[in-house]
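Novice: Quick one: this structure, given as structure tokens, is what I'll be asking you about.
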Ligand SMILES: Nc1ncnc2c1ncn2[C@@H]1O[C@H](COP(=O)(O)OP(=O)(O)OP(=O)(O)O)[C@@H](O)[C@H]1O
Ligand SMILES: [Mg+2]
């Protein structure tokens, strides 16, 4: 019933979601990077992890706090992040039924500091036999089946919760990369601010995210969509609701969308001409949950005059790519560190 040796594991420890991929079997865990903690004087105890903790966002009883320990792709709260990783690794390993600790490969944002790398290794080391790191944009590109090992350039844009990573990749190397500290979370914040300023309605993070996913877009094609939004009226203090249109949500998040497009434009401008020629032919690939924003592909393609494709499963591109490295160590062995 039990395997002696654990199968290797790939991890995407994201600001919004944590995913784990087991060599040979695929994705074995997919949970929001969220922990609910109960505070009792100085003592704190984890009461819920992942989706269970996410349901508690904005509706916790006194003494319970919901924490997101990863910010802009790096560990912001070491103690809570370690607790969360231990729990998730236990869940993933329960499925794999192995007795020994696995070898693990973890996706990290480009520009991560030595201290931040150390924190990730330390948080996982006790649970793993060996920890390797891989550049997230590289992993996303592999996960999108881009030809990263060949002498042609690919442009990958990974729009996560906390960061947007833009990278030009050729011959297993990142030729040029930019990391913006803006992603889906910044869009949610912009929607919260818009609702407060324009409609004097107070809404929480979860409602803002729902609005973004339901009627949010980057292109006027989607302006006519609308939905009813509930919150608390800032004028009366009572619960209130109103009809919100796609156009105003598009307007509210436009600053973040424009920053992403500007980032891609800069990446193209800073790429040597032969390589940018490749990109003009092969196009731009979008990954990360932000790639699901309606009309973003069309908008980028219209503004930059380049073909844009969205990954088949954008939320899983990084973990899938890191997992593909485990499945094919000969081809990818010089990519991790
Ligand atoms: N349909 C959708 N439309 C718009 N945004 C979406 C959609 N689905 C998910 N998102 C957003 O995608 C983001 C999460 O994406 P992802 O899981 O790739 O981030 P992450 O890897 O955890 O973060 P990071 O890479 O910044 O550390 C969230 O902001 C979420 O709201
Ligand atoms: Mg990510």
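The values are calculated or read from the model by the stated rules, or taken from the named source; none is laboratory data. These figures come from a predicted structure and were not determined experimentally. Cβ: placed from backbone, ideal geometry, glycine included. Neighbour counts: every protein chain shown.
Novice: Name the residues in the stretch 191-229 that are surrounded by fewer than 17 Cβ atoms within 10 Å (Cβ to Cβ), over 18 Å from the mean Cα position of the chain (by Cα) and in a helix (DSSP H, G or I), would you?
Specialist: Hits for the stretch 191-229 are 193, 196, 197, 198, 214, 220, 221.
Novice: Same structure again: Pairs please, first residue from the stretch 72-83 and without any contact (Cβ under 8 Å) to a residue 12 or more places away in the chain, second anywhere and surrounded by fewer than 19 Cβ atoms within 10 Å (Cβ to Cβ), Cβ atoms under 9 Å, 6+ apart in sequence or on different chains.
Specialist: 77/71; 79/44
Novice: Moving on to the next point. Suppose the filter is in contact with a strand residue (DSSP E or B) (Cβ under 9 Å, 6 or more places away or on another chain) and within 16 Å of ligand 2 (Cβ to nearest atom); does residue 85 pass it?
Specialist: The answer is yes for residue 85.
Novice: Can you pull out every residue in the stretch 305-337 that is assigned to a loop (DSSP other than H, G, I, E, B) and more than 13 Å from residue 145 (Cβ to Cβ)?
Specialist: If the condition is that a residue be assigned to a loop (DSSP other than H, G, I, E, B) and more than 13 Å from residue 145 (Cβ to Cβ), then 305, 306, 307, 333, 334, 335, 336, 337 are the ones that fit.
Novice: Return only the number of the condition from (1) free of Cβ contacts under 8 Å to residues at least 12 places away in the same chain; (2) outside the structural domain of residue 130 (by TED's automatic domain parsing); (3) within 16 Å of ligand 1 (Cβ to nearest atom) that residue 54 does not satisfy.
Specialist: Among (1) free of Cβ contacts under 8 Å to residues at least 12 places away in the same chain; (2) outside the structural domain of residue 130 (by TED's automatic domain parsing); (3) within 16 Å of ligand 1 (Cβ to nearest atom), the lone unmet condition for residue 54 is (1).
Novice: Quick one: count up the residues across the stretch 12-30 that are within 11 Å of ligand 1 (Cβ to nearest atom), part of a strand (DSSP E or B) and surrounded by 20 or more Cβ atoms within 10 Å (Cβ to Cβ).
Specialist: Count: 5.
Novice: Now, a different point. Let me spell it out: the conditions are (1) more than 15 Å from ligand 1 (Cβ to nearest atom); (2) within 27 Å of the chain's Cα centre (by Cα); (3) assigned to a strand (DSSP E or B); (4) surrounded by fewer than 17 Cβ atoms within 10 Å (Cβ to Cβ), and residue 266 meets all of them except one. Which number is the exception?
Specialist: Against the list (1) more than 15 Å from ligand 1 (Cβ to nearest atom); (2) within 27 Å of the chain's Cα centre (by Cα); (3) assigned to a strand (DSSP E or B); (4) surrounded by fewer than 17 Cβ atoms within 10 Å (Cβ to Cβ), residue 266 comes up short only on (3).
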